[in-house]
1. Share of antiparallel DSSP beta bridges in the chain, in percent to the nearest 5?
2. Considering the dipole of the chain built from charges on the beta carbon (Lys and Arg +1, Asp and Glu -1) around the Cα centre, which of 97, 243, 500 is farthest to its positive end?
3. Gap in Å between the Cα centre of region 495-574 and the Cα centre of region 382-436?
4. Past 30 Å, Cα to Cα: identify those pairs from 94/435; 373/440; 19/158; 192/440; 63/393, in the order given.
5. Rounding to the nearest 20 debye, state how big the charge dipole of region 422-576 is about its Cα centre with +1 on each Lys and Arg Cβ and -1 on each Asp and Glu Cβ.
6. Tell me, 5, 350 in order of fewest to most beta-carbon neighbours within 10 Å?
7. Which order do the peptides 181-187, 291-297, 39-45 come out in when sorted by mean C-beta neighbours inside 10 angstrom, highest first?
8. Would you please state which residues of region 328-352 a label at residue 404 would reach in this model, taking the label point 7 Å out along Cα→Cβ and a backbone N cut-off of under 11 Å?
Amino acid sequence: MALHHVVQLVTDRISNRSKITRDRYLTRTRAAYGKKTERGRLGCTNLAHAFAAMPDADKLRLKEAERPNLAIVSSYNDMLSAHQPLAAYPALIKQAAFAAGGTAQFAGGVPAMCDGVTQGETGMELSLFSRDVIAMATAIALSHQMYDAAVYLGVCDKIVPGLLIGALSFGHLPAIFVPAGPMSSGISNRDKAQTRQLFAQGKVGRAELLESESQSYHGPGTCTFYGTANSNQMLMEIMGLHLPGAAFVPPNTPLREALTRAAAQRALQLSATGTEFTPLAEVINERAIVNGIVGLLATGGSTNHTLHLVAIAQAAGIAITWDDFSELSAVVPLLARVYPNGGADVNHFHAAGGIGLVIAELLKAGLVHADVKTAAGDGLEHYTQEPYLNEGKLEWRPSASESLDTNVIRPADRPFSPDGGLKLLQGNLGRAMIKVSAVKPQHRIVQAPALVFHNQDDLLMAYQQGMLARDFVAIVRYQGPGANGMPELHKLTPALSVLQDQGFNVALVTDGRMSGASGKVPAAIHVSPEALAGGPLSLVQDGDIVRLDADSGELSILEPADWFERTPVPVDIEPHQTGFGRELFAAARQHASIAEQGAATFQHPDWTVAR
């Protein structure tokens, strides 16, 4: 199938917009490509330091200049269920690398925090900036010039984007990302959501809520809803950085162990001394980024990636904007319904055909670039296969040729929706993104009086006091990266959902984030410029009529006469500046770019984003 003309148009526009920065990135990175092992550049004293503690057999190999050495960069901790299985991976990777004729060293660990734990708490104000800390920690791990390729162990929200941004700063090295897989399915997502709403209404207590949540999040592996963590795994597949079909294989299974070992062996093959030198800089190009956006849209993925993909692309010298997301969304059909966009979880999605089937459908429809380099070889067709064990040996076969459950995955010619799940909103309140894949058509246009809040707790208090039983647009402002680190406001979802179910027309407008679990209530998020920077959101007053129209893409205040004469309402952000580690992130808040530029705390000196 010929490539869809809009996909080609957007790709060409991104390439033209990015020409200067991409050329500079590739020139800088290609200058570091080598034909020998990286450690061959080190002096003897430097090298002796680097292998002093290694086992004798590994030390002998590291003394040789020809054998490749693999870096392991891990985000393991045992508080995150998704990352707890990673504890066993370094030993497997070292064994596999040695068996393949190379070596592997644990290069470094990166921090990993869980948005599920910090949701609605102070720690959430550090969450977004943790992505850039992870990127910097990754760079430090790779800084020793000892490594010829790297495997990156990570799963969740900011962690995979941070690892990839850091890896791209060492784009001369090949890279493979290694996930842990999802936990087994617990109670249904529908039952979990219902209990949350009952708790918000005061109809069940904390004990009942905790029991429900414990039955949902109950073992090792990734949370099974399709939030940012599982959107990350989809992206690593469609952008060619996993071994094919690796994303949703459960942890602690023979197939998962075989895939982990194979990732190490494949990474060595991709090194400069291997048989198929494929540096990361050649994998992540404009076509791969567009494929990532298309995959996100086709599966109804996380809104957080309207930030993260922008930052990832920048790290490779590529400039994308929300216009690119929105134009692609107009032609990319929604092929999957996974909670919160449906009742199924990712295990059900995987069983119904999974990412391999979705990629095959997108290829048939001409909606993704087939001509890309990947960790599995040239061509995206590699990712229409699934792994299996044949008498204990890892092999691949074609993924399901058609959906095994059309309530979860549909073909491109019979989609759930003719367009994707993310849209650009713009108007006199600024620019924002909205996820509509779970929003019913009758709720996509809300025109109602504004109720202004400066934090989510004030909104929840108003709800608990019975003050929100009406039509309204909640303006939750001073939640941007400069104000308080741009926390997710997912804690608002149950209360707003209850009000919507009671027949009220409600919507959320915020310069904060919602989450990968954005649901059925229309939410204009990431409003740029943020209120603290003097954005129009800072001028809204209670009672102003706000129009959110997800169909036409409008986000406006229906202007009162004194609109442009107002001054921003003073707000005290001091409580968000110190305590719980927040003082350490003062520079991040001061230097973070706007949301549309990824809310990044570091950029190339020559970086500009053209609309």
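The numbers here are math on the coordinates, done by the rules we state, and not lab data. Model, not experiment: these values are computed from the prediction. Glycine also receives a Cβ, built like all others from the backbone with ideal geometry; neighbour counts cover every protein chain displayed.
1. 50 percent
2. 97
3. After rounding, the separation between the Cα centres reads 30 Å.
4. Those over the limit are 94/435; 373/440; 63/393.
5. Charge dipole, region 422-576, about its Cα centre: 620 debye, nearest 20.
6. 5, 350
7. 291-297, 181-187, 39-45
8. Only 348-352 fall inside the zone, counting backbone N under 11 Å.
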